[in-house]
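> Let me give you the structure first, and then I'll get to my questions.
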Amino acid sequence: MSLTATVNVYTEITPNPATMKFITNKLLINGSKDFATKESAQDSPFARELFKFSFVDGVFFASNFVTVTKVAGADWDDLVPILKEFVKGAVESELKIVDNHKEEVIFEGTDIEKKIQQILHDYVRPAVEQDGGAIHYKSFDEAGVVTVVLKGSCSGCPSSTITLKAGIENLLKRMVPEVTEVVAEAM
């Protein structure tokens, strides 16, 4: 007989009113995985099941939580109990987030690009994940512009522009003098 710990799930609001964070007391994934559409979830048993709910419009996993984006018009008061129960059952039954998922962090490009990616990974990613989102490095050009992609609750969030300019851009400018601006590419 194996003794397994009880899975607890609690919710946390995010800066994006269309998303809700469902946090568990168990590590779900190392890194993060974003499923912005039902079609993108084909390699994720967990996300596929969530998308079977007609009110689910996006799914994002990181460390010990799943962020769910709802369709317009759906009410969190109605959805939270259903989703909490589903997430609890899925985690207890060890429903896979991604089949055969191994995420290894590899930084590529010039020394400056690698430094930017390392800073985003070490300093920015944990903070963004706390709000139910993710940030991914896309490019760095000769003018000093860093382009990132915001996912999860950060995608379409009203406060993401402030976070991007006041937080991420200032941090990168301080730590990498070659950086002149940070912009986000829409998903």
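The values are calculated or read from the model by the stated rules, or taken from the named source; none is laboratory data. Because the structure is predicted, anything quoted here is derived from the model rather than measured. Here the Cβ positions follow ideal geometry from the backbone for every residue, glycine too, while neighbour counts run over all protein chains shown. Keep in mind that these areas ignore ligands, DNA and RNA; they rest on the heavy atoms of the full protein, side chains included. Shrake-Rupley method; radii C 1.70, N 1.55, O 1.52, S 1.80 Å.
> Which three semi-axes in whole Å describe the equivalent ellipsoid of the stretch 1-123, each the square root of 5 times a Cα gyration tensor eigenvalue, listed largest first?
Each semi-axis is √(5λ); the values are 27, 19, 14 Å.
> What's the extension gain from Glu94 to Phe107 if we count 0.36 nm per residue and subtract their Cα-Cα distance?
The span from Glu94 to Phe107 would gain 1.6 nm if fully extended.
> Please go through the stretch 54-148 and write out the chymotrypsin sites (Phe, Trp or Tyr not before Pro) that DSSP classes as loop and that have at most 14 other C-beta atoms within 10 Å.
Phe107
> Here is a follow-up. Please identify every one of the GluC sites (Glu not before Pro) in the stretch 50-109 that sits in a loop by DSSP and has no more than 14 other beta carbons within 10 Å of its own beta carbon.
Loop-located and lightly packed - Glu94, Glu103, Glu104, Glu108.
> Could you work out [θ]222 nm for the chain from helices alone, using -39500 (n - 2.57) per DSSP H run of at least four and dividing by all its residues? Round to the nearest 500 deg cm²/dmol.
So the helix-based figure for the chain works out to -7000 deg cm²/dmol.
> Shifting gears a bit: Ignoring ligands, DNA and RNA, what percent of the accessible area of the stretch 39-84 is carbon or sulfur (1.4 Å)? Intermediate results must be reported in sequence, preceding the final value.
On the way: 990 of 2000 Å².
Carbon-and-sulfur percentage of accessible area, whole number: 50.
> Next question. Here is the link list: Lys52/Lys138; Lys52/Lys96; Lys33/Lys115; Lys115/Lys165; Lys114/Lys151; Lys26/Lys115. Which ones come out longer than 27 Å on Cα distance? Before the final figure, lay out each step's value.
Details: Lys52/Lys138 31 Å; Lys52/Lys96 16 Å; Lys33/Lys115 23 Å; Lys115/Lys165 19 Å; Lys114/Lys151 21 Å; Lys26/Lys115 31 Å.
Table pairs above 27 Å Cα-Cα are Lys52/Lys138; Lys26/Lys115.
> For the stretch 137-144, in order, what is each residue's ³J(HN,Hα) by Karplus, 6.51 cos²θ - 1.76 cosθ + 1.60 with θ = phi - 60°, in whole Hz (x at glycine and Pro)?
6, 10, 6, 9, 9, 5, 7, x
> Continuing with the same structure: Find the Cα radius of gyration of the stretch 100-184, compare it with 2.2 N^0.38 Å by division, and give the number to two decimals.
Cα-based Rg divided by the globular estimate yields 1.05.
> For the chain, what proportion of DSSP beta bridges, expressed in % and rounded to the nearest 5, is antiparallel?
The antiparallel proportion sits near 85 percent.
> Take peptides 111-117, 149-155 and line them up by average Cβ neighbours within 10 Å, highest first, as a rough protection proxy.
149-155, 111-117
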